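S.K.: The structure that follows is given in the form of structure tokens.
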Amino acid sequence: MSDFSMKPESGTNVIPHLLQQLRRHPKRVVFTEGEDIRVIQAAARLVREEVVAPILLGDRDRIRALAAAHGVPLTFIHLIDPPQASDFRLFCQRVENMARYRSLPAAPPEEIVSRPHYFGALMVQYGQADAIVGGNQAMPAAYFRALLHTIKPLPGVPKIFGVSLLTGAHLKHLGGSGVLLLADCGLIPNPDVHELAAIALEAGKLAHHFLGRKPLVALLSHSTHGSAGTADARRMAAAAALARVEVSRKFLEIDIEGEVQADVALDPEAAEVKQPGGSARRTADVLVFPNLDAAHIALKLLQHVAGAQSYGQLILGLSRPAAQVPRTATVETLFGTAAAIAVEAIKFHQLYPDGEV
């Protein structure tokens, strides 16, 4: 694969390599909250770059009026109002027949399918879109609930989790290729050893897919290789050991390190001071945090204090590509998140080569 170059292009921080791949293999991305000028503007830009065929869910008249008011063209942007869609009845039948229907909200199938999050997830699950992006106007729990109820889980991953992709040319030590992946920033409050190991492996696979080389995954702690003997430090060390066993067993191209402090993971000079005599080491590409609080706080500090550009959360552990963006998402965030999740969709079955799930 090509290098995951971080040089800005046309005033954007989105990786040009993503766009190059998508121009060769454009994908269909459904946005669940289309009645949002930010989404409309991002969709128009995706069309202009010839990288994604956007699908916007919502009231079509409202979307058209909003686009007209802001002078945004809707050329090649597909608008769908779920209750009026030609597949609405089919989706209702599929929801009614789902083995997991009992876990869905206590409502008629028609009411469930009319909700854009559920309709969009059904489109992805049944192959009518290649990836889904949502959350720009909804509470995260509502969006995640629709994904969990509708899209099949990936075998072998204990729980779904989120990976945030950060870029920033002005930042020091931001990954070995100028991109840093953080996990889990949105879903599992206190992951256990097995969940942490799965997070490290799946995030490492994603990094390998994006970077085109063997990534370094660091499991973070307040301790570095036993410098503190707390239960939390031992948990991260055990997770790193378990992940290394799985890397060896499955012949994965991933390096796992842990438990380590954040400066040891990111700053080679700090690593040399704290681990003198060791071989020269590179900067980590993926940071796995001990809990949701640490990951989410680190993400927000990097965004709002350090000025890192975040491209949403890519949701791993599902059998279809999905991403969540915050309600504060900019047009750039929506554009880049859609590009990232569409690139994941291109080679999704290379990441999971064991067949359809």
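Every read-out reported here was derived from the displayed coordinates using simple, explicitly stated rules and does not represent laboratory data. Because the structure is a prediction, the values reported are computed rather than measured. A quick note on method: Cβ atoms are made from the backbone with ideal geometry, for glycine too, and the neighbour counts reach across all protein chains shown.
S.K.: Considering only DSSP states other than H, G, I, E and B, which trypsin sites (Lys or Arg not before Pro) in the stretch 171-266 qualify as loop sites with at most 13 other Cβ atoms within 10 Å? Please list the in-between numbers first.
M.R.: Values: sites: Lys172, Lys205, Arg213, Arg234, Arg235, Arg244, Arg249, Lys250; in loops: Lys172, Arg213.
Qualifying residues, ordered by number: Lys172.
S.K.: For the chain, which span is the longest to avoid every loop-located (per DSSP) member of GluC sites (Glu not before Pro) having at most 14 other Cβ atoms inside 10 Å? If you can, show how the numbers build up before the last one.
M.R.: Values: sites that count: Glu50, Glu253, Glu356.
Counting only loop sites that pass the neighbour cut-off, the longest clear stretch is 51-252.
S.K.: Take peptides 222-229, 159-166 and line them up by average Cβ neighbours within 10 Å, highest first, as a rough protection proxy.
M.R.: The densest-packed peptide leads the list: 159-166, 222-229.
S.K.: While we're here: Could you tell me which label, among [x] 25.5; [y] 18.0; [z] 27.9, carries the value of mean projected area of the Cα convex hull in nm² calculated for this structure?
M.R.: The listed entry that was calculated here is [y].
S.K.: Computed over the Cα atoms of the stretch 154-317, what is the ratio Rg over Rh, Rh following Kirkwood?
M.R.: Looking at the stretch 154-317, the ratio lands at 0.93.
S.K.: Just grab the label-to-label distance for Leu252 and Glu50, each label 7 Å out from Cα along the Cβ direction, in nm (one decimal).
M.R.: For Leu252 paired with Glu50, the spin-label model returns 3.7 nm.
S.K.: Got the relative contact order for the chain handy, in percent, Cα pairs under 8 Å and 6 or more residues apart? Walk me through the numbers before you get to the answer.
M.R.: Values: 722 pairs, mean separation 77.1, N = 357.
Result for the chain is 22 percent.
S.K.: Which of the three applies to the stretch 68-208, rounded, prolate or oblate, going by the alpha-carbon gyration tensor with a ≥ b ≥ c and a/c under 1.5 meaning rounded?
M.R.: oblate
S.K.: Here's another thing I want to ask about it. Please give the length that would be gained between Arg282 and Ala306 if that part of the chain were fully extended, namely 0.36 nm times their separation in residues minus their C-alpha to C-alpha distance (nm, one decimal).
M.R.: That works out to 6.5 nm of additional length.
S.K.: Taking amide H positions as placed in the peptide plane 1.01 Å from N, state which residues far from Ala53 in sequence (5 or more) or on other chains have amide H under 5 Å from it.
M.R.: Lys27, Arg28, Val29
S.K.: Still on this structure, I have one more. What's the extension gain from Leu171 to Leu90 if we count 0.36 nm per residue and subtract their Cα-Cα distance?
M.R.: 24.3 nm
S.K.: While we're on this one: Could you sort 336-342, 80-86 so that the peptide with the highest average Cβ count within 10 Å comes first and the rest follow in order?
M.R.: Those peptides, ordered most packed to least, come out 336-342, 80-86.
S.K.: Sequence gap at least 6, Cα distance under 8 Å: using those rules, report the relative contact order of the stretch 154-317 to the nearest whole percent.
M.R.: 38 percent
S.K.: Also, I was wondering about something else. Helix hunt in the chain: which complete DSSP H runs extend at least 24 Å axially by C-alpha with mean Kyte-Doolittle at least 0.0?
M.R.: 193-211
S.K.: List residues of the stretch 309-330, by number, whose backbone nitrogen lies under 13 Å from a label position 7 Å along Cα→C-beta of His70.
M.R.: Under cut-off, by backbone N: 329-330.
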